[in-house]
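A short worksheet on the structure shown next.
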Amino acid sequence: MKKKWFILLIIGLVIFSIFNQIDARKHGWEDFKKFNTTNINGIITEVKVFSKGSFFSLENGSEYIFNPYVDKNDNNNNDEDYSIFQYFAKKGDSIAKPAKSDRLYLFKNGKRYVYRFTIVSN
């Protein structure tokens, strides 16, 4: 009898995990679509790691999640360690991204840093 309950528990956990993963991917895709289709321009108020990506909010109250990466060719004049967006970007830095652009621009201390991005999947 205990073995039967254990098997049912395992099956239930597997089913729960599958539906949880489907839901997480759906939210990741929705976050990406919002980020990708929006013209972003403003001053950062918060930056943090969130769900395998980077979260940032702006002074106007908008919030975004994206998965940044650096193409060294985009930032060839910068010698700082800017590669990890959520640790490099700070409150007060400016950010810009045209709608449907594949680049996000971070403006910090008079320099421009370029980040590309991919879909965040949970």
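The values are calculated or read from the model by the stated rules, or taken from the named source; none is laboratory data. Small disclaimer: the values here were computed from a predicted structure and weren't measured. Quick reminder, even Gly has a Cβ in these numbers, built from the backbone with ideal geometry, and neighbours come from all protein chains shown. These area figures cover heavy atoms from the full protein model, side chains too; ligands, DNA and RNA do not enter into them. Shrake-Rupley method; radii C 1.70, N 1.55, O 1.52, S 1.80 Å.
Quick notes on this one:
- Single match in F55, F50, F35, F6 (criterion: surrounded by 10 or more Cβ atoms within 10 Å (Cβ to Cβ) and free of Cβ contacts under 8 Å to residues at least 12 places away in the same chain): F6
- Odd one out for I84 among (1) exposed (fewer than 14 other Cβ atoms within 10 Å of the Cβ); (2) at pLDDT 90 or above; (3) farther than 23 Å from W29 by Cβ: (2)
- Checked against the criterion of being of a type in the set (S, T, Y) and in contact with a strand residue (DSSP E or B) (Cβ under 6 Å, 6 or more places away or on another chain), region 17-24 has no qualifying residue.
- Taking first residues from region 92-114 that are more than 21 Å from N73 (Cβ to Cβ) and partners that are among the aliphatic types (A, V, I, L, M), the Cβ contacts under 8 Å between residues at least 6 apart in sequence or on separate chains come to G92/I43; G92/I44; D93/I43; D93/I44; D93/L106; S94/I43; S94/I44; S94/L106.
- Which numbered condition R112 fails, given (1) among the charged types (D, E, K, R); (2) open to solvent by less than 90 Å² (accessible area, probe 1.4 Å); (3) in a strand (DSSP E or B): (2)
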